[in-house]
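Report on one structure; see the data block that follows.
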Amino acid sequence: MSRKGLIFECIILQREQAGAEGRIESHEKCTYRYLIENHEFKVPTKELSRAEHIPDWENSIAYRDLTGFILAVNESIKGKKIRDEYLISETVQKLSDLIDKLIGWVDEIPPTDQPQRFGNTAFRDFYKKLKDNAEDEIKACLDEKYHKAVPEVAVYLIEGVGNSTRIDYGTGHELSFVAFLCCLFKIGALSEKDAVAVALNIFEKYLKLVRKLQVTYRMEPAGSQGVWSLDDFQFIAFIWGSAQLIGHKRILPKSFVKPEIAEGFSKDYMFLGCIQYINQVKTGPFAEHSNQLWNISAVPHWEKVNSGLN
């Protein structure tokens with residue numbers, strides 16, 4: 001996470017911290033009303049530029065809030081399928097439609113003919129279109145009372161699609177999009193009842209978007225550690241995806257390395273969707289090109305996989 005905005009300066013009151021349901025609601029209303037009515041929102045600026053800044057980040061309220069958000073969503077989707085029935089609020093639907101719109105933009109901006117194999121420069125046109133339109137598109141998804149926050153929130157959406165200079169994408173960009181979602185909870189545009197849909201609808205569609213970007217514009221992995229990383233592009237998807245599989249009676253961790261399992265269940269489980277994508281874009285033995293995932297397949301239960309990734 002390379003950016004810090006004031007939107008993270010108030011504390012998320014999660015279910016396990018706040019106690020009774022009524023107490024949560026009253027605190028949430030108070031916190032969000034303060035953010036919208038009195039808070040001065042600012043466009044985020046880069047605060048983490050050197051390794052020695054990392055301890056400051058790890059000790060910050062922003063870090064606690066963001067990791068707490070990831071864990072809270074993780075808890076909400078345990079044992080749930082992507083195609084299960086769950087609440088889709090009006091705001092969630094509008095955000096979901098926005099991701100669909102961005103996917104459509106990729107089709108409208110085809111890759112250019114160029115000699116280099118990777119990093120098609122047409123991605124910069126897509127990125128510019130998103131940057132130019134992000135604030136208006138987000139405002140169209142939110143009630144007017146939240147529009148003050150949009151200049152700050154929009155940066156996390158824009159940076160969630162990749163780097164326009166290097167034409168690459170990695171886990172930092174994924175985390176930026178998760179921060180975008182966290183911000184929407186912080187200001188009250190989304191609420192606890194939206195947690196399941198945020199992961200299984202909005203974030204799942206986001207994965208479709210960034211995969212389309214990667215394939216269309218031949219984006220390189222950002223900061224990849226090769227076979228020593230879990231995946232070239234995603235990490236949160238494996239956390240939330242493993243939560244979905246907790247308690248599954250048929251699909252065990254040892255099962256996901258079988259191509260037929262990933263193909264057959266990818267539409268219901270985020271983790272298996274990631275595996276299917278890897279199988280599509282990489283060649284050779286799975287144990288060689290995705291060694292860390294191969295090692296995870298030896299873990300006996302999804303509970304342990306999920307807790308280990310968290």
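How high is the relative contact order of region 164-270, in percent, counting Cα pairs under 8 Å that sit 6 or more residues apart? Taking the mean separation of contacting Cα pairs over the length of region 164-270, I get 35 percent. Of the residues 48, 102, 142, the one that moves most in a GNM of the chain with alpha-carbon contacts below 10 Å is 48.
Translational diffusion of the chain was estimated from the Stokes-Einstein equation, with Rh taken as the Kirkwood radius over Cα pairs; at 10 °C and 1.306 mPa s the coefficient is 79 µm²/s.
Dividing the helix sum by the residues of the chain, where each DSSP H run of 4 or more adds -39500 (n - 2.57), gives a mean residue ellipticity at 222 nm of -16000 deg cm²/dmol. When the Gaussian network model of the chain links Cα atoms closer than 10 Å, the mean-square fluctuations of 109, 246, 138 top out at 109. Please compute the contact order of the chain in relative form: average sequence separation of alpha-carbon pairs under 8 Å and at least six residues apart, divided by the residue count, as a percent. With pairs under 8 Å counted, the relative contact order is 21 percent. For the residues 248, 173, 53, a GNM of the chain with alpha-carbon springs under 10 Å puts the largest fluctuation on 53. Ordering of 40-47, 119-126 by packing is 119-126, 40-47, highest average first (other Cβ atoms within 10 Å, averaged per residue). Only helices reaching 24 angstrom along their own axis (Cα) with mean Kyte-Doolittle hydropathy no lower than -1.0 count here, and for the DSSP H runs of the chain these are 90-108.
Read the figures in this text as sums done on the coordinates, not as results from a lab. The structure presented is a predicted model; accordingly, all values stated were derived computationally and were not measured. Glycine gets a Cβ as well: all are built from the backbone with ideal geometry, and neighbour counts include every protein chain shown.
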